[in-house]
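The values are calculated or read from the model by the stated rules, or taken from the named source; none is laboratory data. Computed from a predicted model, the values in this text were never measured in an experiment. Cβ sites come from the backbone with ideal geometry, for glycine too, and all protein chains shown count toward neighbours. These area figures cover heavy atoms from the full protein model, side chains too; ligands, DNA and RNA do not enter into them. Shrake-Rupley method; radii C 1.70, N 1.55, O 1.52, S 1.80 Å.
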Amino acid sequence: AAGENLRRRSVFLVGDAKQSIYRFRRAEPDLFPTARNWLRKHLHAVDQSLSASWRSSPAIIDFVNRIFGKGPLHAQLTEFSEHTTHRGALWGSVEVMPLISDKRSEPPALEVLRNPLQRPRELIEDRRHYREGEAIASRIQTLLEKAILIGQGVESRAIRYDDIMILVRHRTHVHAYEEALREAKIPYVITTRGTLLDCIEIGDVVA
């Protein structure tokens, strides 16, 4: 927009607010509609909606439509339109695991003041994420024990550990999931913990 008329330029943006869970990769879902509206107003940009999936099964797509089509999540994604899929014959399944409740108990009341030099403070640890990791590990083991088939036709085979991916919104409690996987003797690989983009100085420049 700032260039000369003879030097035409183009802008191409791709975004999907409901999939912007990758905060650790600097995803900013709120930025997409802002940029899109600016391009509409100043550059007469054209929108192209792509609501047909090329990789997801009908079970996944139906679940997405139910979650974002109405209810509280639809209020946050008011522009959501129902999705379809080109993989109509692909098998799929969606499971919603029970919410892990907080079973922490309050520390017993002290009859006298605690001497910090002789008695350490009693810390009540939140183990909800670890218990969630235990449930995930148990489900993974069940999938492998039942030799669930993946793939189609001659390419079908029993599921392996490296076919499974765990996505998290934040990395804050990843260590709890790792602990549960290790205790269940499930091999895993995690993405790099820190990169150049995680540096404070780089974050300031990006901001």
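Those residues that are loosely packed, with under 10 Cβ neighbours inside 10 Å and at pLDDT below 90, I need them from the stretch 143-168; list them, please.
Matches in the stretch 143-168: Gly153, Val154, Glu155, Leu167.
Looking at the stretch 84-93, which of its residues are in a loop (DSSP other than H, G, I, E, B) and either over 19 Å from the mean Cα position of the chain (by Cα) or among the charged types (D, E, K, R) (or both)?
Result: His86, Arg87, Gly88, Ala89, Leu90, Trp91.
Would you confirm whether or not the stretch 103-114 contains a residue that is open to solvent by 50 Å² or more (accessible area, probe 1.4 Å), farther than 30 Å from Ser138 by Cα and not in a loop (DSSP other than H, G, I, E, B)?
No, there is no match, as no residue in the stretch 103-114 is open to solvent by 50 Å² or more (accessible area, probe 1.4 Å), farther than 30 Å from Ser138 by Cα and not in a loop (DSSP other than H, G, I, E, B).
Which one is modelled with the lowest pLDDT, of the residues in the stretch 169-193 that are of a type in the set (A, V, I, L, M, F, W, C) and within 18 Å of Arg131 (Cα to Cα)?
So, considering only residues that are of a type in the set (A, V, I, L, M, F, W, C) and within 18 Å of Arg131 (Cα to Cα), the one modelled with the lowest pLDDT is Val174.
Test of understanding: among Ile140, Ile124, which residue is surrounded by 13 or more Cβ atoms within 10 Å (Cβ to Cβ) and hydrophobic (A, V, I, L, M, F, W, C)?
Ile140
Return the residues of the stretch 37-63 that are without any contact (Cβ under 8 Å) to a residue 24 or more places away in the chain, touching a Lys or Arg at 6+ places or on another chain (Cβ under 9 Å) and open to solvent by 90 Å² or more (accessible area, probe 1.4 Å); say none if nothing qualifies.
Val46 - this is the single residue of the stretch 37-63 that is without any contact (Cβ under 8 Å) to a residue 24 or more places away in the chain, touching a Lys or Arg at 6+ places or on another chain (Cβ under 9 Å) and open to solvent by 90 Å² or more (accessible area, probe 1.4 Å).
Collect the residues in the stretch 64-80 that are open to solvent by less than 50 Å² (accessible area, probe 1.4 Å), touching a Lys or Arg at 6+ places or on another chain (Cβ under 9 Å) and closer than 18 Å to Glu95 by Cβ, keeping them in residue-number order.
Val64
Quick check on the stretch 64-75: of everything there that is part of a helix (DSSP H, G or I), free of Cβ contacts under 8 Å to residues at least 12 places away in the same chain and out of contact with any helix residue (DSSP H, G or I) (no Cβ under 7 Å at 6 or more places or on another chain), which residue is nearest to Val96 (Cα to Cα)?
For the stretch 64-75, the residue satisfying everything is Arg66.
Please verify whether the stretch 53-70 includes one or more residues that are at pLDDT below 85, touching a Phe, Trp or Tyr at 6+ places or on another chain (Cβ under 9 Å) and not hydrophobic (A, V, I, L, M, F, W, C).
No.
Has the stretch 176-186 got any residue that is surrounded by 13 or more Cβ atoms within 10 Å (Cβ to Cβ) and either aromatic (Phe, Trp, Tyr) or touching a strand residue (DSSP E or B) at 6+ places or on another chain (Cβ under 9 Å) (or both)?
Scanning the stretch 176-186, I find at least one residue that is surrounded by 13 or more Cβ atoms within 10 Å (Cβ to Cβ) and either aromatic (Phe, Trp, Tyr) or touching a strand residue (DSSP E or B) at 6+ places or on another chain (Cβ under 9 Å) (or both), so the answer is yes.
Being over 22 Å from the mean Cα position of the chain (by Cα) and more than 13 Å from Lys185 (Cβ to Cβ) is the filter here, so list the residues in the stretch 133-144 that pass it.
Thr142
Just one of the numbered conditions (1) open to solvent by 50 Å² or more (accessible area, probe 1.4 Å); (2) at pLDDT 75 or above is not true of Arg26; which one?
(2)
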